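Shown next, in structure tokens, is the structure this report addresses.
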Amino acid sequence: MIRANLVTLVAGVVAVALAGLVRFVLPYEQEITTLWVFLVKLTPQLAAIVAIAWLDVETARRLRLHLIALPALFLGFLLYFVPATFMAAMDIEDGSGTFEDLYLHVVVFVPFLIVALLLAYRIGGGSREGVLRTGLAMSIVHVSGLEDLVAVSMNRRLDAIPEVWTWADHITVRLGHPATKTEAYVFIAVHVVAALLVLFVPKMTRRSAHRDDEAERLSTP
């Protein structure tokens with residue numbers, strides 16, 4: 001059992017260690033100052049995706065892992081993220097907290113959600129390739145800026161989408177400067193297209209190769 005899940009165990013330990021680094025060693029703040037910090041903050045999520053992808057499905061079924069892991073993930077959401085978000089919002093209302101506190105609670109939930117969905121898929125019999133492809137695609141969308149676009153579009157205090165996206169540090173550190181509105185649109189579009197390619201191009205390539213093989217077989221005397 002250990003041999004079958006060795007990659008999962010190692011990658012899982014790495015994911016937890018990196019999460020601890022991000023949470024307790026690096027500055028735990030909304031602002032992302034360098035590309036290095038941005039990349040490091042992504043590593044726990046990527047390591048967790050690898051751990052899930054190499055989880056041995058038969059072992060998970062034998063241990064009835066779905067009865068433990070999935071309720072545990074739900075309780076993590078219900079008993080931490082929900083009340084912590086409410087408390088952060090209440091602290092803002094009474095002046096004892098800041099928007100950054102609320103932001104940090106919410107932003108941590110996104111990797112948690114990605115990992116929870118992928119784990120449910122893998123335990124349910126999903127393929128390793130499926131975990132890697134969907135995990136990578138969701139991670140690309142996660143850092144695409146799409147959420148920022150939706151947020152400013154829903155912000156009733158804004159008359160229009162800002163011409164310069166000074167708040168989007170995860171875009172700024174990759175472009176080297178705050179993105180203009182046009183640059184942000186292009187940036188988002190590139191990431192969305194990349195995510196779609198990750199999801200569908202391998203499948204389309206395999207289908208094309210299968211059709212070519214079938215045509216060659218039929219044409220052979």
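General remarks:
- Checking each residue in the range 5-46 for being among the aromatic types (Phe, Trp, Tyr), in contact (Cβ under 8 Å) with a residue 60 or more places away in the chain and in a helix (DSSP H, G or I) picks out only 38.
- Meets criteria (over 26 Å from residue 5 (Cα atoms), in contact with a Ser or Thr (Cβ under 7 Å, 6 or more places away or on another chain), open to solvent by less than 40 Å² (accessible area, probe 1.4 Å) and not in a loop (DSSP other than H, G, I, E, B)) for residue 188: yes
- Reported count of residues in the range 142-181, each being open to solvent by less than 60 Å² (accessible area, probe 1.4 Å), of a type outside the set (Gly, Ala, Ser) and in a helix (DSSP H, G or I), is 10.
- Single residue of the range 56-102 satisfying the filter (under 20 Å from residue 12 (Cα atoms) and among the charged types (D, E, K, R)) that is surrounded by the most Cβ atoms within 10 Å (Cβ to Cβ): 56
- Among (1) open to solvent by less than 60 Å² (accessible area, probe 1.4 Å); (2) in contact (Cβ under 8 Å) with a residue 60 or more places away in the chain; (3) within 27 Å of residue 184 (Cβ to Cβ), the one test that residue 110 misses: (2)
This table checks each residue for (1) at pLDDT 95 or above; (2) under 23 Å from residue 114 (Cβ atoms).
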| site | (1), (2) |
| --- | --- |
| 135 | yes, yes |
| 149 | yes, yes |
| 173 | yes, yes |
| 180 | yes, no |
| 183 | yes, no |
| 188 | yes, yes |
| 191 | yes, yes |
| 206 | no, no |
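- Number of the exception - residue 36 against (1) among the aromatic types (Phe, Trp, Tyr); (2) within 20 Å of residue 170 (Cα to Cα); (3) open to solvent by less than 60 Å² (accessible area, probe 1.4 Å): (3)
The values are calculated or read from the model by the stated rules, or taken from the named source; none is laboratory data. Treat the numbers as computed from the prediction; the structure is a model and nothing was measured. A quick note on method: Cβ atoms are made from the backbone with ideal geometry, for glycine too, and the neighbour counts reach across all protein chains shown. Protein only, heavy atoms only, side chains kept; ligands, DNA and RNA dropped before computing areas. Shrake-Rupley method; radii C 1.70, N 1.55, O 1.52, S 1.80 Å.
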